[in-house]
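The values are calculated or read from the model by the stated rules, or taken from the named source; none is laboratory data. Remember, it's a predicted structure, so these values are computed and weren't measured experimentally. Using ideal geometry, Cβ is built from the backbone for each residue, glycine included, and neighbour counts are taken over all protein chains shown.
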Amino acid sequence: MHDLAGRLRGLPPSLGPVRLVGVDGHAGSGKSTFAGHLAAALGGAPVLHLDDIASHDELFSWTGRLTSQVIEPLGRGERARYAPYDWNLRAFGPPRDLPPAPVILVEGVGAGRRALRPHLASLLWMELPARESWARGRRRDGAAQREFWDGWTAAERAHFADDPSRPHADLLVRATPEGYGIVPGPASPL
């Protein structure tokens, strides 16, 4: 993990002074957990969770909000400010600040979408098949979210059919018993 952290720190900035790194994959594939480990290896790098940007009404049509609240300010070297969504209350909460940092991780389904790729220093894809990821997500979220998951899987399929991220990934990440296996992705220059 520390090798990957050093490699990411060595990339040129992609968004103002920031190296924005996308961590994408199917829902339930382990993106949040991996991003947390990577953030720690980066010395506490900020992590923007796309679950805070998306909402029940905008599962995938949140690009405008992300652009105006996060991408544009960070691109100017300014502090971003966004209102995180509460999935239980179904409402946006009080705004949070996201200051520019050498590396910021943006994790979530759609982190590698075509509208974000020009702003990314690197794109990492969690290499776990959709069905296995979704089964993990359903177990994690329990019976209370069963109805949501039924709609989610159809929405995610449609999203990736229209705007696939994996073909643009620099690195593929797979959880292993020893930690994480990381190999060059389809878009890797290696």
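Can you tell me which residues in the range 162-173 are free of Cβ contacts under 8 Å to residues at least 40 places away in the same chain and assigned to a helix (DSSP H, G or I)?
Asp162, Pro167
Of the residues Thr153, Thr176, which is closer than 20 Å to Trp125 by Cβ, at pLDDT below 95, loosely packed, with under 15 Cβ neighbours inside 10 Å and of a type in the set (Ser, Thr, Tyr)?
Going through Thr153, Thr176 in turn, just one is closer than 20 Å to Trp125 by Cβ, at pLDDT below 95, loosely packed, with under 15 Cβ neighbours inside 10 Å and of a type in the set (Ser, Thr, Tyr): Thr176.
Taking Asp3, is it in a helix (DSSP H, G or I) and closer than 25 Å to Ala130 by Cα?
no
For the list (1) of a type in the set (S, T, N, Q); (2) surrounded by 15 or more Cβ atoms within 10 Å (Cβ to Cβ); (3) touching a residue at least 12 places away in the same chain (Cβ under 8 Å), I need the number of the one condition that Gln145 fails.
(3)
Might you let me know whether the range 174-190 holds any residue that is outside any helix (DSSP H, G or I), farther than 13 Å from Gly28 by Cβ, charged (D, E, K, R) and touching a residue at least 12 places away in the same chain (Cβ under 8 Å)?
Looking for residues that are outside any helix (DSSP H, G or I), farther than 13 Å from Gly28 by Cβ, charged (D, E, K, R) and touching a residue at least 12 places away in the same chain (Cβ under 8 Å), one finds at least one in the range 174-190, hence yes.
Restricting to the range 124-134, count the residues that are out of contact with any Leu (no Cβ under 9 Å at 6 or more places or on another chain) and either among the hydroxyl-bearing types (Ser, Thr, Tyr) or surrounded by 13 or more Cβ atoms within 10 Å (Cβ to Cβ) (or both).
Result for the range 124-134: 4.
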